[in-house]
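K.L.:
Please find one structure pasted underneath; my questions will follow.
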Amino acid sequence: MSTTLMDDILYFRATDKDIDKLVDLRIIFSDELYGKQPPEKEAEMRKNLRSYFEKEINRNYISWYAVVDGHVAAIAGMVIKTLPGNIKNPSGEWGYIMSVYTSPAHRGKGLCRNVLERLMETAGQMGISAFELHATAAGEPVYVACGFYKHHEPTYRKIVAG
């Protein structure tokens, strides 16, 4: 476990002992984006998230979080994926940043930027130098301040209900 103390804020790299925190914060993040889900949908999501984090934490998924006064105040996660290389990223290693969330009481204090920077530093130590994310309107200024730019290729999606 790596920790850093900065102005009474503790920063932690998530481990398998933090899976409950990761699941809870992903649910809170989802509720804020899409609204509170019915209990059966939330239970299914919790089960699937737990299964994912148990398999992938610190393998293909890394996360940093900030604790203020004993409570998680901000978090960021990254899925590590390998694609065929290209001119700009010959290795094909990408960090897809997701689940970036700061609790309402701690917004505007730099916590999001700090967990994001720790996340990218950890990825850099793993040889990852290309990053991608999807931003909410509220998060966009933070990402731009961290050097991200809006890419010219639009994202298209298709979800097949199964």
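The values are calculated or read from the model by the stated rules, or taken from the named source; none is laboratory data. Given the structure is predicted, the values throughout are model-derived calculations rather than measurements. Ideal geometry is used to build each Cβ from the backbone, glycine not excepted, and the neighbour counts take in all protein chains shown. Side chains included, ligands, DNA and RNA excluded: accessible areas come from the protein's heavy atoms. Shrake-Rupley method; radii C 1.70, N 1.55, O 1.52, S 1.80 Å.
K.L.:
Looking only at segment 62-96, filter to residues that are part of a strand (DSSP E or B) and charged (D, E, K, R); which one of those is surrounded by the fewest Cβ atoms within 10 Å (Cβ to Cβ)?
P.N.:
Filtering first and then ranking leaves K81.
K.L.:
Keeping to segment 109-150, report how many residues are touching a strand residue (DSSP E or B) at 6+ places or on another chain (Cβ under 7 Å), of a type in the set (S, T, N, Q) and under 18 Å from W94 (Cβ atoms).
P.N.:
1
K.L.:
Show the residue pairs that are 6+ apart or on different chains and have beta-carbon atoms under 6 Å apart, the first residue being within segment 35-46 and touching a residue at least 40 places away in the same chain (Cβ under 8 Å), the second being loosely packed, with under 11 Cβ neighbours inside 10 Å and of a type in the set (A, V, I, L, M, F, W, C).
P.N.:
Correct list of pairs: empty, since none qualify.
K.L.:
Looking at the structure I just gave you, is D31 touching a residue at least 40 places away in the same chain (Cβ under 8 Å) and more than 17 Å from V115 (Cβ to Cβ)?
P.N.:
Judged against the criteria, D31 is not a match.
K.L.:
Working carefully through the options S2, S99, find the one that is in contact with a helix residue (DSSP H, G or I) (Cβ under 9 Å, 6 or more places away or on another chain), over 16 Å from A138 (Cβ atoms) and modelled with pLDDT under 95.
P.N.:
Being in contact with a helix residue (DSSP H, G or I) (Cβ under 9 Å, 6 or more places away or on another chain), over 16 Å from A138 (Cβ atoms) and modelled with pLDDT under 95 holds for just one of S2, S99, which is S2.
K.L.:
In the list K47, K36, which residue meets the criterion of being assigned to a loop (DSSP other than H, G, I, E, B), modelled with pLDDT of 95 or more and surrounded by fewer than 17 Cβ atoms within 10 Å (Cβ to Cβ)?
P.N.:
K36
K.L.:
Please work out which residue is nearest to A73 (Cα to Cα), limiting yourself to segment 14-33 and to residues that are in a helix (DSSP H, G or I) and among the hydrophobic types (A, V, I, L, M, F, W, C).
P.N.:
L25
K.L.:
Within the set of pairs 6+ apart or on separate chains, which have a first residue in segment 106-120 that is open to solvent by 20 Å² or more (accessible area, probe 1.4 Å), a second that is part of a helix (DSSP H, G or I), and C-beta atoms under 7 Å apart?
P.N.:
C112/V142; R113/V142; R113/A145
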